[in-house]
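The numbers here are math on the coordinates, done by the rules we state, and not lab data. Bear in mind the structure is a predicted one, so any value in this text is a computation, not a measurement. Glycine also receives a Cβ, built like all others from the backbone with ideal geometry; neighbour counts cover every protein chain displayed.
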Amino acid sequence: MSDVLGNPMIPPDASDSLAVLEKQRSTAETFGIPLAVLLEITHRCPLQCPYCSNPVELDRSGKELTTEEWKKVLSELAEIGVLQVHFSGGEPTARKDLVDLVKHASDVGLYTNLITSAVLLTREKLSDLADAGLCHVQISFQGVEEGLADRVAGYKNGHRKKLEVAKWTRELDLPLTVNAVMHRQNLHQLPDIIQMSVDLDADRLEVANVQYYGWALKNRAALMPTVAQLDECTRIVEEARERLKGTLAIDYVVPDYYALRPKKCMGGWGRQFFNISPAGKVLPCHAAESITGLDFESVRSNHSIAWIWQNSEAFNRYRGTGWMKEPCKSCEFREIDFGGCRCQAFALTGDAANTDPACALSPLHETIFKQAEREAEGETNRFLYRNFAGGTLESENGA
Amino acid sequence: MAGPRNISVSETSRPVLPRHAKLKYDETRKVWVILAPERVLAPDEIAVEVLQLCNGERSVGDVSDQLAAKYAAPREAILADVIVMLQDLADKGFLTEAREKTS
């Protein structure tokens, strides 16, 4: 039995969903509609994680789609062949209509995942979500004990609450994924995080090293691990995967600064992934709005979602290989990794059409690698916390 | 709580898809799929037929009997194939077993 969808946030390398989709002609003619779509229903969040994947310029609540608009989106997604939706944010439970939205998604036949920080959930609310048809809960953890975890999240008593919600999740017979975002200041806790996941009776653990865009890029000096830390992390994951086979599945994402080959970001721009922002923009990647000069269409426009996916300028700009410059253009790996990540290329070189500097063939690779190594050995540990005000620097005594 | 982990599928097991794994016909792509957390599996025709029979009441033996009769095929060969297929699914965490009924 083939697995046609890996982690939709970070699609797998070889056998992606296109293999199945391209055989059958789907609504969008050239590129099959993705199997799973990420819905960032709000950017509001009580946590302030310094590596948040949301853009630095957050959508204010007044710009968010209404309940009726989200329902219309859900119906349309189901109609064009999307099978799963991830309710994410920000913190999706900050929206009062979440139960209603999950119910509607279930009614139209979508498989629903909740990606949450968990700190706003009550047992009753979680139970209502389960009754509404919620299929899976993914809870983020910032560490394994509350001192560090609450400091990273910039939220007191958050860790304790997460443990409680994880327990309720399993009591309600919902499958649980623990999402652990790893960086220099918490990598030493990885063995304990793996054990915590087993103890919480989670099915899956995502060990996701920070990817350095947006907020994380601002905090890179405080987050970047050393090469030695990363090697140790890989060793721990490999050992645990073997030991916990059949008990806990572990997905692993490495920071690409230390790789020689860039990641096939999003499975290739506009090939198998899109997300919808709180304000209704249809985006090829949750960081795509960081690339200036691209105009992203909204579900509030006159165009259907399938049309936007298939025809909009933003999706077509970096699709396939036609947009490439050297060294990508003539590279034998151009259809393997599609030149890496466009957002990273833009952030680090100023042009999204350049080779992602994570690639050893990029003229900037050596410089970036050295800089990461330098920052990893540095003394900067203070965070710039994520918020609507553009960030707040952690105080000297860590509060 | 969900079913036990590390299920060993045998002739007497009475497997069923857990609540978080949904077998569904995808109208857009005209294929059967199993929807699971962060995964979409593409079962082949035989797997679909087996899974439609696995309701937590029929044993793997019962399922094999039915398929052997339907396809006029040797039961032992079918049983072996069914166990391999279900074990693969169980190893991925997408199969559970009905609990013993207290009669």
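Before moving on, here are some points about what is shown:
- Site pair A:ASP192 and B:GLN66 shows an inter-label distance of 5.1 nm when each label is modelled 7 Å from Cα along Cα→Cβ.
- Counted charge near A:ALA360, where neighbours are those whose Cβ lies closer than 12 Å (Asp, Glu -1; Lys, Arg +1): -3
- Treating r as the C-beta distance of A:GLU379 and A:GLU326 and R0 as 35 Å, the FRET efficiency rounds to 0.35.
- Net dipole in debye of the range B:15-94 [+1 Lys, Arg Cβ; -1 Asp, Glu Cβ; about Cα centre; nearest 20]: 280
- Here the spin labels are modelled as points 7 Å beyond Cα on the Cα-Cβ line, and at A:ARG334 and B:ASP91 they lie 4.0 nm apart.
- Counted over the range A:32-398, the DSSP beta bridges are approximately 15% antiparallel.
- Here the spin labels are modelled as points 7 Å beyond Cα on the Cα-Cβ line, and at A:LEU260 and A:ARG300 they lie 4.9 nm apart.
- Charge dipole (chain A, unit charges on Cβ, about Cα centre) - positive-most of A:TRP70, A:THR112, A:GLN84: A:TRP70
- Per residue of chain A, the DSSP helices (runs of n ≥ 4 H) give a summed -39500 (n - 2.57) that works out to -9500 deg cm²/dmol at 222 nm.
- The range A:184-268: trypsin sites (Lys or Arg not before Pro) falling in loop per DSSP and having at most 13 other Cβ within 10 Å: A:LYS245
- Computed over Cα pairs, the Kirkwood radius of chain A leads via Stokes-Einstein (0.692 mPa s, 37 °C) to a diffusion coefficient of 153 µm² per second.
- For A:SER127, net neighbour charge (Lys/Arg +1, Asp/Glu -1) across residues whose Cβ lies under 12 Å away: -3
- Taking each DSSP H run with n ≥ 4 as -39500 (n - 2.57) and averaging over every residue of chain B yields -11500 deg cm²/dmol at 222 nm.
- Relative to the Cα centre, the charge distribution of the protein assembly as shown, modelled as +1 at Lys and Arg Cβ and -1 at Asp and Glu Cβ, gives a dipole magnitude of about 700 debye.
- Positive minus negative residues near A:LEU83 (Lys, Arg vs Asp, Glu; Cβ under 11 Å): +2
- At most 16 other Cβ within 10 Å, DSSP loop - GluC sites (Glu not before Pro), the range A:31-119: A:GLU57
- For A:TYR111, nonlocal amide neighbours, meaning residues 5 or more places apart or on other chains whose placed amide H falls under 5 Å from its own, are A:GLN84, A:VAL85.
- Projecting the Cα atoms of A:TRP323, A:VAL165, A:CYS341 onto the dipole axis of chain A, where Lys and Arg carry +1 and Asp and Glu carry -1 at the beta carbon, places A:TRP323 farthest toward the positive end.
- Shielding by other protein chains, A:85-97, mean Cβ within 10 Å: 0
- In a DSSP loop and with at most 10 other Cβ atoms within 10 Å, the GluC sites (Glu not before Pro) in the range A:316-399 are A:GLU332, A:GLU379, A:GLU396.
- Given A:LYS125/B:LYS92; A:LYS103/B:LYS22; B:LYS22/B:LYS92; A:LYS71/A:LYS264, the pairs whose alpha carbons are separated by over 24 Å: A:LYS125/B:LYS92; A:LYS71/A:LYS264
- Going from the residue with the fewest nearby Cβ atoms within 10 Å to the one with the most, A:ILE115, A:ILE236 rank A:ILE236, A:ILE115.
- Average beta-carbon neighbours from other chains, 10 Å sphere, peptide B:17-26: 4
- Paramagnetic reach from B:LEU53 (point 7 Å along Cα→Cβ, amide N under 16 Å) across the range B:82-99: B:82-87
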